[in-house]
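Enquirer: Got a structure for you, questions after.
The values are calculated or read from the model by the stated rules, or taken from the named source; none is laboratory data. Here the structure is a predicted model, which is why all the values come from computation and not from measurement. Here the Cβ positions follow ideal geometry from the backbone for every residue, glycine too, while neighbour counts run over all protein chains shown.
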Ligand SMILES: Cc1cc2nc3c(=O)[nH]c(=O)nc-3n(C[C@H](O)[C@H](O)[C@H](O)COP(=O)(O)OP(=O)(O)OC[C@H]3O[C@@H](n4cnc5c(N)ncnc54)[C@H](O)[C@@H]3O)c2cc1C
Ligand code: FES
Ligand code: FES
């Protein structure tokens with residue numbers, strides 16, 4: 001294991017972002033991904049370890065002018081318990097690991113770990129969320145916003161630069177007609193890395209589904225949006241025929257692989273089953 | 001060895017001042033440096049809950065937490081749950097219900113059960129099961145564990 005030469009625990013965002021500009025920094029949040037990855041030798045420490053958990057204004061959920069904002073240090077437990085978190089996000093939080101892990105795991109850590117199976121990512125894709133990336137440029141903090149759907153480039157890989165801190169996730173606060181559901185596989189609800197997860201949401205009004213967004217987890221190198229499924233559903237009444245066609249479109253959208261947890265055939269089968277199940281949930285609203 | 005950092009935190013009601021390597025886990029600090037062997041090491045990767053402790057009033061897996069992050073925090077381990085040699089009611093209830101076999105999972109199980117009841121004094125059996133999902137026991141089959149926690153909830157509710 002590589003040695004850490006310096007440990008810092010800044011308490012302001014600008015100090016944290018400034019520290020990143022010189023390079024060679026490993027960011028520590030809840031540590032629930034970092035610790036096992038270091039122990040298993042799958043990654044090593046940079047010379048500086050920066051604990052961001054002491055940065056105050058990176059925690060919590062707020063709503064302002066139709067926008068919901070979740071700080072990167074907000075834990076999965078806090079999301080699970082918050083009235084300001086949309087139901088689909090709370091469902092994913094409820095199916096996340098164990099209580100002890102949820103108490104430590106942060107939203108920013110889940111996104112930056114960039115696992116195709118990251119459970120908070122799926123509902124955030126359904127909510128069409130963006131991430132805020134902060135860096136230090138010419139003596140001041142600069143923040144850029146990027147849509148989450150363009151954030152991931154491969155397993156563990158994102159468009160975030162090493163000098164950037166993911167400070168928050170933002171999305172339009174869903175309106176009163178918004179209905180969304182999340183479903184992940186596994187024999188137990190928790191402590192199970194998703195073999196497949198599906199999230200579906202949109203405005204369900206007068207029996208028709210609009211602004212539909214569909215997301216799949218653990219079915220490809222990154223979490224992804226289901227474009228064919230969305231096109232199939234947009235503006236439709238959720239009849240048995242539409243639901244059936246959408247479940248098949250979902251199988252075209254997702255290209256799962258064989259791995260130690262499940263075969264491609266099984267994953268493809270689950271995608272159709274979950275898509276159908278979630279659409280039936282929406283219809284019953 | 002990695003650089004050290006100075007920590008000041010409260011452990012089971014007492015102040016601790018100590019220097020630790022920044023890549024040390026809280027579990028290693030407790031067991032190997034502070035000689036508190038109640039908190040157990042089993043999987044070392046967040047799956048089993050044997051290492052569960054309370055930090056600032058919420059439970060976490062101490063095998064995943066960096067000791068460096070304890071600075072300024074308040075920690076309770078199984079050693080701090082009862083009062084001296086007097087067992088905490090949750091511990092007594094586990095004894096009374098025969099909920100302990102080899103005992104290896106129990107410090108984590110009892111810390112987690114106690115936390116759940118503090119969070120929600122009207123805990124249902126279903127909520128107990130969900131809340132204890134991160135605590136794996138190879139011996140008991142869980143039924144008597146749930147009985148022990150249910151007795152406490154009944155007593156308080
Ligand atoms: C037993 C167990 C069960 C689990 N179950 C699940 C599950 O059901 N679903 C699931 O999705 N995940 C699960 N996980 C994975 C993990 O808990 C989550 O991904 C968690 O959200 C990571 O957050 P963290 O704060 O612990 O991240 P850390 O481990 O602190 O960091 C993760 C990575 O992100 C980087 N990082 C963190 N914050 C930022 C930031 N703000 N800006 C830039 N980079 C940052 C870190 O440098 C690191 O590379 C599980 C893990 C364990 C050990
Ligand atoms: S030893 Fe920490 S969870 Fe198993
Ligand atoms: S009593 Fe033996 S592991 Fe639980």
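Enquirer: Give region A:1-23 a look and list any residue that's within 13 Å of ligand 1 (Cβ to nearest atom) and without any contact (Cβ under 8 Å) to a residue 40 or more places away in the chain, or say none.
Expert: A:19
Enquirer: How many residues are part of a helix (DSSP H, G or I) and either more than 9 Å from ligand 1 (Cβ to nearest atom) or under 13 Å from the mean Cα position of the chain (by Cα) (or both) when one looks only at region A:57-91?
Expert: Result for region A:57-91: 12.
Enquirer: Follow-up. Within region A:265-285, how many residues turn out to be exposed (fewer than 15 other Cβ atoms within 10 Å of the Cβ) and under 16 Å from residue A:223 (Cα atoms)?
Expert: Here the count works out to 0.
Enquirer: From the list B:42, B:50, pick out the single residue that is in contact with a helix residue (DSSP H, G or I) (Cβ under 6 Å, 6 or more places away or on another chain), within 16 Å of ligand 3 (Cβ to nearest atom), closer than 24 Å to residue B:132 by Cα and more than 9 Å from chain A (Cβ to nearest Cβ).
Expert: B:50
Enquirer: Then there's this: Of the residues that sit in region B:134-148 and are within 14 Å of chain A (Cβ to nearest Cβ) and touching a helix residue (DSSP H, G or I) at 6+ places or on another chain (Cβ under 7 Å), which one is surrounded by the fewest Cβ atoms within 10 Å (Cβ to Cβ)?
Expert: To start, the set of residues in region B:134-148 that are within 14 Å of chain A (Cβ to nearest Cβ) comprises B:134-137, B:142.
Now restrict to residues that are touching a helix residue (DSSP H, G or I) at 6+ places or on another chain (Cβ under 7 Å): B:134-135, B:137.
Numbers: B:134: 25, B:135: 24, B:137: 22.
Per the criteria, the residue is B:137.
Enquirer: Which of the residues belonging to region B:39-57 are surrounded by fewer than 18 Cβ atoms within 10 Å (Cβ to Cβ) and more than 13 Å from ligand 2 (Cβ to nearest atom)?
Expert: B:56, B:57
Enquirer: Residues in region A:2-20: is at least one within 16 Å of ligand 2 (Cβ to nearest atom), modelled with pLDDT of 95 or more and either farther than 18 Å from residue A:72 by Cβ or buried (at least 20 other Cβ atoms within 10 Å of the Cβ) (or both)? It would help to see each step written out before you state the result.
Expert: Taking region A:2-20 first, the residues within 16 Å of ligand 2 (Cβ to nearest atom) are none.
So far as region A:2-20 goes, no, none of its residues is within 16 Å of ligand 2 (Cβ to nearest atom), modelled with pLDDT of 95 or more and either farther than 18 Å from residue A:72 by Cβ or buried (at least 20 other Cβ atoms within 10 Å of the Cβ) (or both).
Enquirer: Do we have any residue at all in region B:123-136 that's in a helix (DSSP H, G or I), touching a strand residue (DSSP E or B) at 6+ places or on another chain (Cβ under 8 Å), within 30 Å of residue A:38 (Cα to Cα) and within 14 Å of ligand 2 (Cβ to nearest atom)? First the steps, then the outcome.
Expert: Within region B:123-136, the subset in a helix (DSSP H, G or I) is B:125-131.
Filter again for touching a strand residue (DSSP E or B) at 6+ places or on another chain (Cβ under 8 Å), leaving none.
Checking region B:123-136: not a single residue is in a helix (DSSP H, G or I), touching a strand residue (DSSP E or B) at 6+ places or on another chain (Cβ under 8 Å), within 30 Å of residue A:38 (Cα to Cα) and within 14 Å of ligand 2 (Cβ to nearest atom).
Enquirer: Continuing with this model, one more query. Does residue A:59 count as touching a strand residue (DSSP E or B) at 6+ places or on another chain (Cβ under 7 Å) and either at pLDDT 95 or above or within 13 Å of chain B (Cβ to nearest Cβ) (or both)?
Expert: yes
Enquirer: Taking region B:40-65 as the region of interest, how many residues are in contact with a strand residue (DSSP E or B) (Cβ under 6 Å, 6 or more places away or on another chain) and in a loop (DSSP other than H, G, I, E, B)?
Expert: Residues in region B:40-65 being in contact with a strand residue (DSSP E or B) (Cβ under 6 Å, 6 or more places away or on another chain) and in a loop (DSSP other than H, G, I, E, B): 5 in total.
Enquirer: Also, quick follow-up: Mind checking whether some residue in region A:29-41 is facing chain B (nearest Cβ under 9 Å), touching a residue at least 24 places away in the same chain (Cβ under 8 Å) and surrounded by fewer than 19 Cβ atoms within 10 Å (Cβ to Cβ)?
Expert: yes
Enquirer: Any idea which residue in region B:104-119 is surrounded by the most Cβ atoms within 10 Å (Cβ to Cβ), counting only those that are facing chain A (nearest Cβ under 10 Å) and away from ligand 1 (no atom under 16 Å from the Cβ)?
Expert: In this case the residue turns out to be B:111.
Enquirer: Across region A:92-118, what is the total count of residues that are in contact (Cβ under 8 Å) with a residue 12 or more places away in the chain and in a helix (DSSP H, G or I)?
Expert: Going through region A:92-118, the residues in contact (Cβ under 8 Å) with a residue 12 or more places away in the chain turn out to be A:92-99, A:101-118.
If we keep only those that are in a helix (DSSP H, G or I) as well, we get A:92-94, A:99, A:101-104, A:107-113.
Looking only at that region, the number is 15.
Enquirer: Show me the strands (runs of 3 or more DSSP E) found entirely inside region A:138-231 where at least 3 residues are touching a strand residue (DSSP E or B) at 6+ places or on another chain (Cβ under 6 Å).
Expert: A:140-147, A:165-172, A:178-184, A:197-205, A:208-217
Enquirer: Given the structure, is residue B:5 at pLDDT 95 or above and within 14 Å of ligand 1 (Cβ to nearest atom)?
Expert: Numbers: at pLDDT 95 or above: yes; within 14 Å of ligand 1 (Cβ to nearest atom): no.
In short, no.
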